Amino acid sequence: MKHIIDDGFNAELVAKAYFDGIMEIPILSKPKEIIIPSAVIPFSMANRSTDHSEFVHFYEHDKRFSDVLIATKEQLPVLRGFAGVISPDCSLYRDMPLCLQIANTYMNRAVGYYLQSQGLYVIPNVRWGDERTYTTVELPEKIAFLGVPRNSIVSIGTYGCIKSAENKHYFREGLTAMLDELTPQVVLVYGAMPDSIFAPVKDRARFVNFPDWISTKRRRSA
């Protein structure tokens with residue numbers, strides 16, 4: 001049983017990693033140059049793509065990219081065929097126990113670190129949950145931002161995350177905290193960019209918007 005449990009943690013992904021904070025979140029290296037994707041594609045559609053200049057993203061239901069979390073090495077042949085990868089968008093819901101929010105942040109960085117160690121260009125996806133992940137209300141560090149290089153490029157997703165006034169509030173707070181903490185030069189945004197959230201911070205980085213996949217397909221079929 002111990003062997004099965006150990007394998008389930010995929011500890012080999014971070015065998016040579018450095019770690020950030022008391023929670024020991026794997027650290028991603030700052031890229032030598034900032035590369036902005038010309039297009040992005042969800043992991044679940046990667047096998048159907050003929051345009052390998054795209055970056056693969058994981059802004060979809062976690063079950064659609066579970067293979068990347070469970071069997072990361074086996075997915076390398078697919079991912080190597082693209083220009084780059086945005087690290088996994090493991091769900092962080094505000095009603096999740098804090099330990100699970102931390103665990104999903106860890107998996108985001110662990111997979112991102114491993115892919116980076118294998119020579120892939122990796123853009124860190126930054127995801128926050130409740131205020132405990134992006135402030136020091138209960139913990140001495142901002143969990144959502146650990147392991148992410150400063151003054152570089154990051155990616156965030158709004159799709160499905162800003163539907164209600166309450167969701168917009170938490171997203172806006174987390175976005176401001178992220179900009180304060182990481183001071184990114186470039187922020188990729190997957191999904192809508194409403195002025196109510198982005199107008200106050202639009203001058204703090206270069207924001208590059210990518211419409212969500214559903215909207216893109218609708219436009220193509222119109």
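The values are calculated or read from the model by the stated rules, or taken from the named source; none is laboratory data. Predicted model, so just to flag it, every value in this text is computed and none were measured. Counting neighbours? That spans all protein chains shown, and the Cβs are built from the backbone with ideal geometry, glycine included. Calculation scope for accessible area: heavy atoms of the full protein, side chains included, ligands and nucleic acids excluded. Shrake-Rupley method; radii C 1.70, N 1.55, O 1.52, S 1.80 Å.
Residues in the stretch 188-197 that are within 13 Å of residue 160 (Cα to Cα) and assigned to a helix (DSSP H, G or I): there are none. Among the residues of the stretch 56-67, just one is surrounded by fewer than 22 Cβ atoms within 10 Å (Cβ to Cβ) and in contact (Cβ under 8 Å) with a residue 40 or more places away in the chain, namely 60. Scanning the stretch 2-19 turns up no residue that is touching a Cys at 6+ places or on another chain (Cβ under 8 Å), surrounded by 14 or more Cβ atoms within 10 Å (Cβ to Cβ) and in contact (Cβ under 8 Å) with a residue 40 or more places away in the chain. For the stretch 42-55, taking the residues that are touching a residue at least 40 places away in the same chain (Cβ under 8 Å) and touching a strand residue (DSSP E or B) at 6+ places or on another chain (Cβ under 7 Å), the one that is surrounded by the fewest Cβ atoms within 10 Å (Cβ to Cβ) is identified as 42.
Conditions tested, residue by residue: (1) aromatic (Phe, Trp, Tyr); (2) open to solvent by 70 Å² or more (accessible area, probe 1.4 Å); (3) assigned to a loop (DSSP other than H, G, I, E, B); (4) farther than 27 Å from residue 26 by Cα.
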| position | (1), (2), (3), (4) |
| --- | --- |
| 133 | no, no, no, no |
| 154 | no, no, no, no |
| 163 | no, yes, yes, yes |
| 170 | yes, no, no, no |
| 174 | no, no, no, no |
| 181 | no, no, no, no |
| 199 | no, no, no, yes |
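Residue 89: acidic (Asp, Glu) and modelled with pLDDT of 95 or more, yes or no? Yes; evaluated as a whole, the condition is true for this residue.
Of the set (1) buried (at least 16 other Cβ atoms within 10 Å of the Cβ); (2) assigned to a helix (DSSP H, G or I); (3) over 17 Å from the mean Cα position of the chain (by Cα), all apply to residue 101 but (3). Answer with yes or no whether residue 118 is surrounded by 20 or more Cβ atoms within 10 Å (Cβ to Cβ), more than 16 Å from the chain's Cα centre (by Cα) and more than 16 Å from residue 157 (Cα to Cα). No, not satisfied. Residue check: residue 94 meets all listed conditions (1) more than 21 Å from residue 187 (Cβ to Cβ); (2) assigned to a strand (DSSP E or B) but one, namely (2). One residue stands out in the stretch 74-93 among those that are without any contact (Cβ under 8 Å) to a residue 40 or more places away in the chain and of a type outside the set (A, V, I, L, M, F, W, C): the one that is least open to solvent (accessible area, probe 1.4 Å), namely 88. Residues in the stretch 94-118 that are farther than 24 Å from residue 169 by Cβ and touching a residue at least 40 places away in the same chain (Cβ under 8 Å): 106, 109, 110, 111, 112, 113, 114, 115, 116, 117, 118.
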